Amino acid sequence: MDQDRDLLVRSNLLRGVIIAVFLILFLNLFVMMVPRHEFYQGQALENRQARFRVGAPRGRITDRDGTLLADNMFIADITLGRSSLAEGVPDSTLERLLNWFALPREKTLERLEQQIRRGRPRLVLVPNADPGRIAAVEERGRQLPGVRVESRPRRRYIYGPLFAHMIGHVGEVSEADLDTTGDPFGYRRGDIRGKQGIEAAFEDYLRGRSGVKLEEVNASGRIVGREAVWLADVIPGRDVKLSISLPLQAAMAEALGRRIACGVAIDVRKGEVLAAYSNPSFDPDLMTQSISAEEWDKLVNDPAKPFFNRAVQAVYPPASLYKPVTSLAALQAGVVDTNTYLEPCLGGWQFGDRYFRCWKHSGHGEIDHADALIHSCDTFYYQLAEMLDIDQLAAAARAFGLGRRVTGIFPEESPGNVPDRKWYDEHYGKGHWTRGVMLNNAIGQGELLVTPLQMALFCARLASDGRTPDPVFVIDPPQPVRQPDPLPFQPGYLAWCRRTLREVVDRGTGSGGALDDVSVAGKTGTAQNSHGEDHAWFMAFAPVEAPQVAVAIIVENAGSGGAQAAPLASRWLEVYFHRTASTAEGGS
């Protein structure tokens, strides 16, 4: 009996222990699942570390005086994972955000699908989110798995269209830019890079280097750790200082007004570009935002071509701005001298079975070489053309830098065209072109093509006996300065050319370019245009006695260079010399 009683007691005790254990387990499970559910859920989610790539802030761009032209502003995007829009169907999180933020459903989903097609690792639902939306995401984070608020630098162009073509703009990297070598600092989807102008030319300098940090995150991708572990530090991009002056650039834009035009000014002594403005322009800030398809189409299809950098991309016949080249080629070849008289101008010149007209149909009469340049007599230059060989004329033009890219930094720059015998043989075939091309070339027409930058450099080299270096757009970091080869013309001929160009402004076709208190030398041109009105040219340097600056301006479809372009150059030169005088007084 006692043995049975002991077994019963032990059995009951064991049962009690088992029941107690189960009660304890049940109570613990109940506490975990009900009163402390949220606490343990959070603990369970906070269970892994992730690497984050942190983009480097891009270097700033300033003008020559240190005035800020382009910098960065930090903005926040609301992003989510690609799985939120699997096969075009939004998940519950995305649906919730569409409703909360009252986003246009179809437009938003299409934009996200475009990002998926471009291979973006995360989708930007709300770019540059406002504080209210950011707070909503932060407060309701556990209801929004996979949703993050990510800060990033966005490029800011402080003066918008004023420097759009020179500075350029940034944009998202293309497929060709993406790193395929495993370089942790290579381009990734969604990165930005320079797309045009200085932004593209100095990409490696401005870009900097991304950093890598290790963060503790939960299963929803939210950062839960307090301190990140940096595996590689962020190295910010370096700053770039342009040679261009903000006030002089603004003065050029004001002079050109709303015309389709371009103006370039160069420091004769150093080759530094002081102003280079192309009109119409565009706002580069649009390129850093989510521009609509309608806005993009409007810009791209604008017949005035706002994206076209006329300073280095556009090519035009130089027209009568080229006549100093023809004069110098003829003088150096010894076929004329500075006082030569040729057949009088009666309004044109007969060459074979074609009559080449002078711009002054009534004719200039009997004039010498200097007056032919001063009054831009085409008939005199037609006669010079008959005395020269096409290769002699081409060599004279190339000595000044025409017919080649002169910047060394802008991939979009056009070399223009200075045709010689080889060029005509290749394009027309040997024996299939005549010396008649020389008559057009001699007055800057025909197949000759130049950029406004090249003509500003040509003018500067005329002013400096050929010593002006190739154009410099950036002064920090210091750029290699390419010194030109000596000009193949006697110094006396160059001095005669400068004196004569002063007479062009004092009493010839360029009187509209004159200043009251500074001597100006210049040349007008009216370039024939088969698609409409002629283009108006003017180039000038000043002061004549000790040249400091050269400027070239072209106004499309405007007609006479003397009437339309010369006064614009005069306005810009007036600002330049006023600033120079003010600076000198301030420093004394």
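Here is how the numbers come out for the structure above:
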| item | result |
| --- | --- |
| Selection count, region 230-276, where residues are touching a Lys or Arg at 6+ places or on another chain (Cβ under 7 Å) and part of a strand (DSSP E or B) | 6 |
| Residue among Trp537, Trp496 that alone is part of a helix (DSSP H, G or I) and surrounded by 14 or more Cβ atoms within 10 Å (Cβ to Cβ) | Trp496 |
| Output for region 138-155, where each listed residue is within 29 Å of Val170 (Cα to Cα) and either over 37 Å from the mean Cα position of the chain (by Cα) or crowded, with 17+ Cβ neighbours inside 10 Å (or both) | Gly146, Val147, Arg148, Val149, Arg152, Pro153, Arg154, Arg155 |
| So Arg152, is it basic (Lys, Arg) and either modelled with pLDDT of 80 or more or not in a strand (DSSP E or B) (or both) | no |
| Helices (runs of 4 or more DSSP H) wholly inside region 410-491 that include at least 1 residues being at pLDDT 95 or above and touching a Gly at 6+ places or on another chain (Cβ under 7 Å) | 436-442, 452-463 |
| Filter pass, Arg111 being over 23 Å from Arg140 (Cα atoms), at pLDDT 85 or above and either assigned to a helix (DSSP H, G or I) or not small (Gly, Ala, Ser) (or both) | yes |
| Only listed residue being at pLDDT 95 or above, under 27 Å from the mean Cα position of the chain (by Cα) and either over 22 Å from Tyr381 (Cβ atoms) or not in a loop (DSSP other than H, G, I, E, B) (or both), chosen from Val544, Val551, Val518 | Val551 |
| Any hit, region 380-395, residues being touching a residue at least 60 places away in the same chain (Cβ under 8 Å), more than 30 Å from Ile475 (Cβ to Cβ), part of a loop (DSSP other than H, G, I, E, B) and of a type in the set (Phe, Trp, Tyr) | no |
| Number of positions in region 144-192 that are aromatic (Phe, Trp, Tyr) and farther than 15 Å from Pro57 by Cα | 2 |
| Flag for Val450 being buried (at least 23 other Cβ atoms within 10 Å of the Cβ) and without any contact (Cβ under 8 Å) to a residue 40 or more places away in the chain | no |
| Of all residues making up region 335-379, the number that are in contact (Cβ under 8 Å) with a residue 60 or more places away in the chain and in a helix (DSSP H, G or I) | 4 |
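The values are calculated or read from the model by the stated rules, or taken from the named source; none is laboratory data. Worth saying up front: this structure is predicted, and the values here are computed from it rather than measured. Note that we place each Cβ from the backbone using ideal geometry, even for glycine, and neighbour counts take in every protein chain shown.
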